[in-house]
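Take a look at the structure set out below.
The values are calculated or read from the model by the stated rules, or taken from the named source; none is laboratory data. Quick caveat, the model's predicted, so the values are computed rather than measured. For neighbour counting, all protein chains shown are included, and Cβ atoms are generated from backbone atoms with ideal geometry for every residue, glycine included. Heads up: the accessible areas ignore ligands, DNA and RNA and are worked out on the full protein's heavy atoms, side chains in. Shrake-Rupley method; radii C 1.70, N 1.55, O 1.52, S 1.80 Å.
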Amino acid sequence: MSKNEEHQLHCPIEVQFNKISCYHYYFLFLVFSSKIPIFWHVLNLIFLAPPMEYTCEGGDTSNSSKNLCPCDKPQWNRSKFTETMQTKFHLLCGNAWNISFSHIMMYTGFLAGAMLFGYLSDRNGRLLSFSSSCLLMALSGSFVSIMPTTTTYTLMRTIEGIGTGGAIITSYVLCIEYIGTKYREIITALFNIPVNIGHMTLPLISYLLPHCDQFQLAISIPIFFYAFLPWMVMESPRWLLDSGRHNKAIIVMENVAKFNKQPYEDIRDQIEEYLTKRPPGTKTNLKFYQIFRHKTMSLILIYLSIIYFLCGMGYYGVSQLIGKMSGDIHINVAISGALLLPGTISSIFLLKILNRKTMLMFSIFLSGLFMIISVCIPFTYNWIRVIIACICNCFFFISFIVVFLYGVELFPTSVRNSVLGFLSVLSRIGQIVAPLVNTLSENVAGAVFGGFALIGSLFCFLLPETKDTELPSSLEDTKRLTKKVKQRGSIQINSENNT
């Protein structure tokens, strides 16, 4: 086979999914809707252990007697929250460290879940791993509300984090593998709309259910529905094909065609023809550790790891800086979620217009630039500082959207979820580092977040361009991306030729 013919060889699954069908609307609605309760679990710690004031029984009622230590008989202020982690387990003074430890273990669960379910997804399938992580999250999240001690509570929160971390990455890859090149950018951006909705609606649930156990149950029970997705939707045919399950991939594509009431008789012949024409020696069954045997792929992974870490630290760090503004906790959280919507919506158009590398570089650079501008403004103009910090956070959120898509488009199917899990771990480490940076003064912390973002934008230059390219199936496909990128017209799939 000539090189020209090889470049013209397109996966029939990718070509077929360049058109959005009825099955896509059905499938994407189910997976997208899961993001709302999943993201509730990402942010639930805000309302499970919010700042609580107390006065010691027998003391005076002046401000000087609030939150004093030691205090054996605290009288908690339950005006906003009738029960929290502090009031339930009597966590104050010398025991208050259990709150932070519980949060740290939840984040540790995120790390473990991203790696564990990333690996399981590449090995056992996207859909099974996603539904399993949802079941784990729903069960552990429900059990959190009945745990009698801080030890069992923290243990169950850790397991909850494992399920949450797994559900986040497996759901995204499952969606992207069902979408062709033409609509990949739009679906990536729309995938984050439910995240914004979850961010904005969680304060309402907390306001209506101020008891932490009732609140935790309310956000956990809906997740059980998504544990039954394997009986409602089908596995990723792209994963089935690239993992050697050719017949199952064909059956899925035929069932999708039947669902859409379209002809399906030629699907088997098209896929079998594609498999026979694929270059001999094409390696589609790659293991994660084998990435490090190839210099090019190793360097790409290192560059992305640095960018993921800086984005995670910057986004969550700036979010915490914004959260320091005074006001009602429910309103503040809802507003911070609403402020991310402009970034999500604008990314729908920017992803179609700009190249991946250009958009990622400028979004990270502008986030750092606006953060530097914010800390240079005097504290007397605090409202201006807050507005500019919110703009900075919008650009950080946009960079997350782009870098997630980048990670999917750069690595072969057999390691795609494992790589995304590994990169998510780097992002979570950045998230854990962010509170440590925020222990510094506000200006110093902001300068750190802004300065590192500016540095991170430089690493974007080193990444290959992936816009308008098919998802790589093999090691050879990924290596080809690192070569000089041809003009978009020569790479883009011309859907008209396949009608």
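Of the residues 14, 235, ranked by 1.4 Å probe accessible area with the largest first, the sequence reads 235, 14.
Membrane-span-like helices of the chain, defined as complete DSSP H segments with a Cα extent of 24 Å or more along the helix axis and a mean Kyte hydropathy of at least -1.0, are identified as 22-43, 97-124, 126-144, 150-176, 295-323, 356-376, 382-410, 413-437, 442-459. For residue 429, the accessible surface of its heavy atoms amounts to roughly 70 Å² (probe 1.4 Å, protein chains only, rounded to the nearest 10). Once all protein chains are placed together, residue 213 keeps about 30 Å² accessible to a 1.4 angstrom probe. Between residue 461 and residue 433, the FRET efficiency estimated from the beta carbon spacing at R0 = 25 angstrom works out to 0.55. Measuring only protein heavy atoms, the 1.4 Å probe finds residue 268 accessible over about 80 Å². Annotation: for a label point projected 7 angstrom from Cα along Cα→Cβ of residue 204, no residues of region 63-97 have a backbone N closer than 13 Å. Rounded, prolate or oblate: pick one for the chain, where a ≥ b ≥ c are the square roots of the eigenvalues of its C-alpha gyration tensor, a/c under 1.5 means rounded, and failing that, prolate if a/b is larger than b/c, else oblate. Here the chain falls in the prolate category. Ellipticity at 222 nm from helices only: DSSP H runs of n ≥ 4 in the chain, each -39500 (n - 2.57), divided by the residue count, give -22000 deg cm²/dmol. Sorting 209, 43 by accessible area puts them as 209, 43; the probe is 1.4 Å, largest comes first, and only protein heavy atoms count. Protein heavy-atom accessible surface, 1.4 Å probe, per residue over the chain: 43 Å². Per-atom-type breakdown for the chain gives carbon and sulfur 65% of the accessible area (1.4 Å probe, protein chains only).
In terms of packing, defined here as the mean over residues of other Cβ atoms within 10 angstrom, the peptides 252-258, 132-138, 70-76 line up highest first as 132-138, 252-258, 70-76.
Please report the net charge: other residues with Cβ closer than 15 Å to the Cβ of residue 147, K and R +1, D and E -1. Net of charged neighbours comes to -1.
For the chain, the relative contact order works out to 21 percent when only alpha carbon pairs closer than 8 Å and six or more residues apart are counted. Checking every one of the trypsin sites (Lys or Arg not before Pro) in region 305-392 against DSSP loop status and a limit of 15 other Cβ atoms within 10 Å picks out 324. By the rule of a second cysteine Cβ within less than 4.7 angstrom, the chain holds isolated cysteines at 11, 22, 134, 175, 212, 311, 376, 390, 392, 394, 460. Under the shape rule built on the C-alpha gyration tensor, where the axes satisfy a ≥ b ≥ c, region 348-441 is oblate, since a/c reaches at least 1.5 while a/b does not exceed b/c. Largest first, the residues 383, 40, 239 sort by 1.4 Å accessible area into 383, 40, 239.
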